[in-house]
Amino acid sequence: MPVRLAKILIADDQADVQEALRLLFKAEGYQTETVNSPLRLLEVLGTTDFDLLLMDLNYTRDTTSGQEGLDLLAKVQALDSTLPVIVMTAWASVEVAVDAMRRGARDFIQKPWENTD
């Protein structure tokens with residue numbers, strides 16, 4: 001029986017971030033799928049199983065509060081409460097990180113990230 005590679009869903013509105021993460025995870029032997037909007041994220045989660053979701057907290061231009069992603073995190077948890085979620089943002093604050101963890105995120109990464117993280 002072939003070994004199944006872990007499958008990671010990457011949700012970010014920036015194509016360069018998607019590509020950087022895709023290449024990073026490919027080099028480590030993971031399968032990835034990318035989406036660029038909250039709507040597409042929810043659509044894909046409704047039809048495909050993943051082992052991990054790595055998602056941005058800001059999708060709308062000129063939005064830096066993280067609220068959009070925090071609200072999305074609640075919808076993701078309603079769809080699949082067992083899916084591990086790591087949130088990421090370039091606009092990190094302790095308050096947003098704590099709020100994300102309270103809403104079910106397993107970890108929080110500030111962009112730009114260190115590949116070892």
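Numbers for the structure displayed
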quantity	calculated
In the range 9-93, GluC sites (Glu not before Pro) in a DSSP loop with at most 12 other beta-carbon atoms within 10 Å	Glu28
Residue-normalised accessible area of the chain, expressed per residue, 1.4 Å probe, Å²	60
Apportionment of accessible area to carbon and sulfur, the chain, percent (1.4 Å)	51
Contact order relative to length of the chain, as percent, for alpha carbon pairs under 8 angstrom and 6 or more apart	22
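The values are calculated or read from the model by the stated rules, or taken from the named source; none is laboratory data. As the structure is a computational prediction, the values presented were derived from the model and not from experiment. A quick note on method: Cβ atoms are made from the backbone with ideal geometry, for glycine too, and the neighbour counts reach across all protein chains shown. To get the accessible areas, we keep the full protein, side chains included, count just its heavy atoms, and leave off ligands, DNA and RNA. Shrake-Rupley method; radii C 1.70, N 1.55, O 1.52, S 1.80 Å.
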